[in-house]
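J.: Below is the structure I would like to discuss, written out as structure tokens.
A short reminder: the numbers here are calculations on the coordinates, not readings from a lab. What you see is a predicted model; the values in this text were computed from it and never measured. Here Cβ is always computed from backbone atoms with ideal geometry, including for glycine, and neighbour counts include all displayed protein chains.
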């Protein structure tokens with residue numbers, strides 16, 4: 001009895017093998033890396049309820065615009081106070097400060113000699129720039145002028161310096 005069932009079992013296996021091999025190849029989608037696409041932000045309407053839904057303007061809720069909206073160049077202008085925080089003159093009597101400026105997010109540096117004003121151009125990486133400013137002193141330790149941050153298009157004061165940042 002086993003001998004008579006064997007040809008039928010072999011025939012079934014053969015038929016199954018032919019059916020599987022006739023199927024077109026399937027590309028394994030899970031083996032291909034596809035980064036997730038960001039989910040679209042839901043639009044929010046502002047103002048009166050009779051505003052049409054076909055309005056093409058959208059609300060910018062982000063605190064910083066996209067990098068593509070950054071100017072490729074900004075000019076940072078600095079005005080140093082006439083005296084240091086302790087009330088002393090910056091350098092010897094009759095001498096003006098020697099500002100040395102570092103924009104810390106880009107590493108851009110600038111310097112001016114014997115001047116209360118100084119400016120430098122920067123290629124920003126974000127809307128907010130961070131500065132460290134000292135009065136260079138070749139004989140003694142540098143005197144701090146100010147450390148702080150300022151947004152493009154703004155004027156700011158920190159320490160003993162006022163800063164204005166505008167697109168080039």
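J.: If contacts are Cα pairs under 8 angstrom and at least 6 residues apart, what is the relative contact order of region 65-120 in percent?
T.: Values: 63 pairs, mean separation 20.4, N = 56.
Computed over region 65-120, the figure is 36 percent.
J.: Taking 25 °C and 0.890 mPa s as the conditions, I'd like the Stokes-Einstein D for region 112-164 in µm²/s, using the Kirkwood hydrodynamic radius from alpha carbon pairs. Could you put the intermediate results ahead of the total?
T.: Values: Rh = 12.3 Å.
Calculated translational D: 200 µm²/s.
J.: Further question: Could you list 89, 96, 129, 139 in order of exposure, starting from the residue whose Cβ has the fewest other Cβ atoms within 10 Å?
T.: On the way: 89 13, 96 17, 129 24, 139 6.
Exposure proxy ranking, most exposed first: 139, 89, 96, 129.
J.: Given the Cα atoms of region 69-167, and with Rh set as the inverse mean 1/r over their pairs in the Kirkwood sense, what is Rg to Rh to two decimals?
T.: Numbers: Rg = 13.3 Å, Rh = 13.5 Å.
Dividing the radius of gyration by the Kirkwood radius yields 0.98.
J.: Okay, next question. Report the extension gain between residue 77 and residue 140 in nm, rounded to one decimal, defined as 0.36 nm multiplied by the number of residues separating them, less their alpha carbon distance. Mind showing how you got there, number by number?
T.: Values: separation 63, 0.36 × 63 = 22.68 nm, distance 2.62 nm.
Once the chain is fully extended between residue 77 and residue 140, it gains 20.1 nm.
J.: Given the peptides 109-120, 70-81, arrange them by the average over their residues of other C-beta atoms within 10 Å, most packed first. Before the final figure, lay out the partial values.
T.: Working: 109-120: 15.1, 70-81: 16.8.
So the order, starting with the most tightly packed, is 70-81, 109-120.
J.: Next question, about the same structure. Report the relative contact order of region 69-167, percent, no decimals, based on alpha-carbon pairs under 8 angstrom and at least 6 residues apart.
T.: Values: 229 pairs, mean separation 32.7, N = 99.
Relative contact order comes out at 33 percent.
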